[in-house]
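The values are calculated or read from the model by the stated rules, or taken from the named source; none is laboratory data. As the structure is a prediction and not an experimental result, all values here were calculated from the model. Don't worry about glycine lacking a Cβ; one is built from the backbone with ideal geometry, like all the others, and counts go over all protein chains shown. Surface areas here come from the heavy atoms of the whole protein model, side chains and all, with no ligands, DNA or RNA. Shrake-Rupley method; radii C 1.70, N 1.55, O 1.52, S 1.80 Å.
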Amino acid sequence: MWERLILVSIIGGLVALDNTEAFQTMFSQPLFVGSLVGLIFNDISSGLKTGIIFQLVYFWVMPIGTASFPEPGIGSVVGCTGFVILSRMFPDQPNLILFTLVFFVFFFSLFSGWTLIKQRQFNSRLLPKADLYAEKVQLGGFDSIFLAALGGSFLRGSLVTGGGIFLIFILVKPALNVLRVVPEQFLQNLELPLWGVGMGMMVYLFGRKRNLLWCLLGMSLGVLLFLL
Amino acid sequence: MPKISRFDLLRLYLRSFFIQNGWNYERMAALGFAWTIKPLTRRLFGSVEEQKSFLKRHLLGFNANPYMINYAVGAVVKLEEDKAPEEQIIRFKGSLRGPLGAIGDRLIWQNLRPALLILGLILCIFIGAVGVLVFWLIFNLYQAYQRARGLAKGFALGSELSSELTRGYLQKMTEWCSRMGALLLGILFVLKFAHLGIEPQPLEKIPLFVGFSWLSVMAFRKNVRPNYILWLSLSLFLVIKAMIWMF
């Protein structure tokens, strides 16, 4: 178990890098991260299911320029890990776990976004050093700055993810023990409002009048695919 | 005699994947930009004074969409190779900031990424987790191509780069991504709808799915903050469930 949790923390570090610092391959998207976490815990279907839900909830997040935004990538690593672990402890209440985790990940992603702001403020402190290296034409100095920024970001991602998993055990698990009184049937179909939030954003992005024909064509193709 | 070889361009290309590293609120992507083009310092300039001013001018504030920034890298490197005056290079680089940010954000963040994510979601319904891999591969093939194209075009065109930015390719690509997104959205909607139809309790599920989707569309169109939409949807869901539970 511990090795897996450490591996998940390392993935959290890589997600932090991918989100804003390096590569930007979309490895940090909840859809991808969910499947990966599922793979680590030998439960791909749970990981994928949770990844899809977080992807829909955070479909609107775009890490553009100076905007401050939540970090759903790290939030999803923690959320999907929490779902896979907790669904083994509370096997009869998947909806209650998902409901609690949606709340938790909402606040945790905001916290993670705040640490990103701090990380960027830390990067500002590297500027005087860079100026000094430029003044002295000390090219090797730029590499040390590069490594400091890269390492700082990876460390931030790993620590935040590790901290999040710790919070799953000390906050979410006890909360679930209390919330167990809520009948599971009461939360049945919980994923539908979350799908609604995602679909809303998709329609907002693509549902323009000039795309109407394409959308109708897609619907016809959808019917065809379903019948096949 | 050109000083920048194909190998140099390859190095720039590989380094450009780290260009956002060290991003900060003061000078944004300047640290990454300077680090990316750093290997050219001694190749392009002989005297220490020239090297110093080269590094300093590229530590000035700069930002662009990360997938489009290679246009700026290529064009600026070309100007440096041609020994353009320092003021011209700084002014030119500054003029690229807005267009590269706006075009890139519109193409990648608002169209390509969401469209491919919808494709990923559809594939997940059909083939499971492999669909995620397909999404990831397609996106990265495109980003590798776009970064290479940006660098090559920037380097070939230099200060004439604006012709590439205003000409068809990027606009057409954005338009096609938007159409692809609409097409995929249509497929996803029907598949999810049909999927709910064949599951147990379709008469409860379908109205919930359609109703919450409609509510979210209206809220997004009214510019309600996405976080509020999430809370509103969850609260309404609990109210509906409580009413069903009671009656």
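Numbers below:
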| item | result |
| --- | --- |
| Residue count, region A:5-24 (criterion: among the hydroxyl-bearing types (S, T, Y) and modelled with pLDDT of 95 or more) | 1 |
| Condition broken by A:W2, with the remaining ones in (1) at pLDDT below 95; (2) under 28 Å from B:L234 (Cα atoms) satisfied | (2) |
| Candidates A:V172, A:V203, A:V178, filtered to the one that is closer than 24 Å to A:Y58 by Cα, assigned to a helix (DSSP H, G or I) and more than 8 Å from chain B (Cβ to nearest Cβ) | A:V172 |
| Some residue of region B:3-10 being open to solvent by 40 Å² or more (accessible area, probe 1.4 Å) and outside any helix (DSSP H, G or I) | yes |
| Any chance B:I90 is modelled with pLDDT under 95, surrounded by fewer than 19 Cβ atoms within 10 Å (Cβ to Cβ) and either in the same structural domain as B:K172 (by TED's automatic domain parsing) or in a helix (DSSP H, G or I) (or both) | no |
| Residue list for region B:160-181, filter: away from every other protein chain (no Cβ under 14 Å) and in contact with a Phe, Trp or Tyr (Cβ under 8 Å, 6 or more places away or on another chain) | B:L161, B:E164, B:L165 |
| Options A:G51, A:G73; residue that is in contact (Cβ under 8 Å) with a residue 40 or more places away in the chain, open to solvent by less than 30 Å² (accessible area, probe 1.4 Å) and under 25 Å from A:G200 (Cβ atoms) | A:G73 |
| Count of residues meeting criterion [free of Cβ contacts under 8 Å to residues at least 24 places away in the same chain and assigned to a loop (DSSP other than H, G, I, E, B)] in region A:28-48 | 1 |
| A:S153 vs. criteria touching a Leu at 6+ places or on another chain (Cβ under 6 Å) and either more than 7 Å from every other protein chain (Cβ to nearest Cβ) or among the small types (G, A, S) (or both) | yes |
| Filter result for B:L157 (out of contact with any His (no Cβ under 7 Å at 6 or more places or on another chain), at the interface with another protein chain (Cβ under 9 Å from one of its Cβ atoms) and either in a helix (DSSP H, G or I) or crowded, with 21+ Cβ neighbours inside 10 Å (or both)) | no |
| Failed criterion for A:P91 (all others in (1) open to solvent by 10 Å² or more (accessible area, probe 1.4 Å); (2) part of a helix (DSSP H, G or I); (3) farther than 20 Å from B:W109 by Cα; (4) not acidic (D, E) hold) | (2) |
